[in-house]
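Inspection log for the structure reproduced underneath, given as structure tokens.
The values are calculated or read from the model by the stated rules, or taken from the named source; none is laboratory data. These figures come from a predicted structure and were not determined experimentally. Virtual Cβ from ideal backbone geometry, glycine too; neighbours counted across all protein chains shown. Each accessible area value is taken on the protein alone, full model and side chains, heavy atoms only, with ligands, DNA and RNA left out. Shrake-Rupley method; radii C 1.70, N 1.55, O 1.52, S 1.80 Å.
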Amino acid sequence: MTRSSLQTRFSTWTCAAVATMLAASIFAPAASAQPVAKPAPAPAKVAEDVLAAHPWVVPPPNREPEAYFSNIKDGDKVVSPFVVRFGLSMRGIVPAGTASGRAGHHHLLVNQSLPLDFTKPLPFTDQYVHFGKGQMETVLNLKPGTYQLHLLLADKGHIPYFVYSKPMNITVTRQDPQVKPATITGAPRVEILSPADDASVRGPFRVQFQAVGYNIAPAATALPDTTRFRLTVDRAGKPQETLDFRQGQTEVWLQPPKGDYQLRLDLVSNTQSGAVVATGKGMKLSVTSAP
């Protein structure tokens, strides 16, 4: 090989490497102050790439990881006990004690500000409620009064990521002693929270998932008693589309072609060779604008 050809190859490699590093610095999610997490296992990374490469899947409008409350809003007045549901954008859920890329588990902060130091694990107190099994909701039985709630995502060792919700201020008007917290959530099930059934939407739009009584985790963890979401989309005269959320994701942003669709959400076991644990009620959807 000539010296000229070697110089040409080195120049080409250098340009590609610089372009790759620039792209990574622009589009990577905001990093926390904690040590860099180990990369996810190869099979999980491949599965994530397959999902992201689907032509209908698009990033959220703000392109930032975020935790949020999916069933309450700032200023709400509620009666205790009541259900609080957790949403999560651009990250997945994984139980405490297990690492899987940048996935984490939820923490609910009650009348507690976000920590000043994001390099230390969150404490276990009444004001820091941990959901280390991979849960997506809880029941709060607070006394009458005003409360501020935050959601905060943390890693396997409860060290927080910079992934959190806006502060949520609510008022508990009364506490009903006749209602047992365990009866509020109902039977274990899987649901599509939004869009609503028979809705007409313009793309891109968010499809929010909810698991009641089940725990979520990435498929590659193969943790007992954990599941993941799988969304099936049908339209007349076209092949069925199946989106398998193998990284523990709990939502997806879609921009499919204009038309009428039927959606079905399943919960799939992470230990029983893809066995379906629960199936949600099917829903219809009309997309009124094309990409």
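Taking the charge dipole of the range 142-291 about its Cα centre, with +1 at Lys and Arg Cβ atoms and -1 at Asp and Glu Cβ atoms, the residue from 149, 159, 205 reaching farthest to the positive side is 149. Can you tell me the FRET efficiency between residue 162 and residue 235 if r is taken as the Cβ-Cβ distance and R0 is 41 Å, rounded to the nearest 0.05? The pair residue 162/residue 235 has a calculated efficiency of 0.60.
Subtracting the Cα-Cα distance of residue 271 and residue 288 from their residue separation scaled by 0.36 nm leaves 2.2 nm. Along its first, second and third principal axes, ordered by size, the range 110-209 spans 45, 40, 25 Å in Cα coordinates.
Rg over Rh for the range 58-129 works out to 0.98, using Cα positions for both radii and the Kirkwood form for Rh. Normalising by residue count, the range 51-191 has a Cα convex hull of 133 Å³ per residue. Taking 0.36 nm per residue of separation and subtracting the Cα-Cα distance, full extension of the segment from residue 127 to residue 262 would add 44.4 nm. Building the convex hull from the alpha-carbon atoms of the range 213-291 and averaging its projection over directions returns 5.7 nm².
For the set 183, 226, solvent exposure ranked by accessible area (probe 1.4 Å, protein chains only) runs largest to smallest as 183, 226. Taking 24 Å as the straight-line reach from the Cα of residue 143, the lysines in range (excluding those fewer than 8 positions away in the same chain) are 73, 77, 166, 180. Suppose each label sits 7 Å from its Cα in the direction of the beta carbon; what would the residue 169-residue 72 distance come out to in nanometres? Modelled inter-label distance: 1.5 nm.
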